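Below is one structure, written out as structure tokens, with a few remarks after it.
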Amino acid sequence: QVHVVESGGGLVQPGGSLRLSCTASGSIFSIYSMGWHRQAPGKQRELVADITSGGTTSYTDSVQGRFTISRDSAKNTVYLQMNSLKPEDTAVYYCNTLHRNYGDPTPRGYWGQGTQVTVSS
């Protein structure tokens, strides 16, 4: 069984910073990529940033230069450092992984439960 658990959300004032963490655990053989999506009320879930096993990163345009994704492969953990936060960053942030489990040749995607980020004065 695989578990994906996020932490680090909360309430922050505009211009402030937050750091999200996400750890995947279970019978994980190899992780291909890990990333963060977000969903604001009334909007579709969107990709915020992701990072491959080789360290290649990508960001949605609206967070480029403000957010940084990083990864600790030994801990199966991905981080999202969010700086210069804006009210429009308010959303539930979801972590996802694409990986193979032991005994299963097919890469599969998993999601965490989400963590709320609210940017407000």
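The values are calculated or read from the model by the stated rules, or taken from the named source; none is laboratory data. Since the model is a prediction, treat every value here as computed from it, not as a measurement. Note that each Cβ is placed from the backbone with ideal geometry, even for glycine, and that neighbours are counted across all protein chains shown. In case anyone asks, the SASA skips ligands and DNA or RNA and just uses the protein heavy atoms, side chains included. Shrake-Rupley method; radii C 1.70, N 1.55, O 1.52, S 1.80 Å.
Observations
- Where a residue in region 13-30 is touching a residue at least 60 places away in the same chain (Cβ under 8 Å) and its partner, wherever it lies, is in a strand (DSSP E or B) and open to solvent by 50 Å² or more (accessible area, probe 1.4 Å), with Cβ under 6 Å and at least six apart: 19/81; 26/3; 29/100; 30/100
- Residue that is farthest from residue 82 (Cα to Cα), among those in region 39-51 that are assigned to a strand (DSSP E or B) and open to solvent by less than 60 Å² (accessible area, probe 1.4 Å): 51
- Where a residue in region 102-117 is closer than 28 Å to residue 86 by Cα and its partner, wherever it lies, is aromatic (Phe, Trp, Tyr) and not in a loop (DSSP other than H, G, I, E, B), with Cβ under 7 Å and at least six apart: 111/94; 112/94; 114/93; 114/94; 115/93; 117/93
- Per-region count, region 67-78, residues open to solvent by 40 Å² or more (accessible area, probe 1.4 Å), part of a strand (DSSP E or B) and hydroxyl-bearing (Ser, Thr, Tyr): 2
- The number of residues in region 52-66 that are surrounded by fewer than 21 Cβ atoms within 10 Å (Cβ to Cβ) and either among the hydrophobic types (A, V, I, L, M, F, W, C) or part of a strand (DSSP E or B) (or both) comes to 4.
- Matching residues in region 85-116 - criterion: being open to solvent by 60 Å² or more (accessible area, probe 1.4 Å) and either small (Gly, Ala, Ser) or closer than 19 Å to residue 43 by Cα (or both): 86, 87, 88, 103, 111, 113, 116
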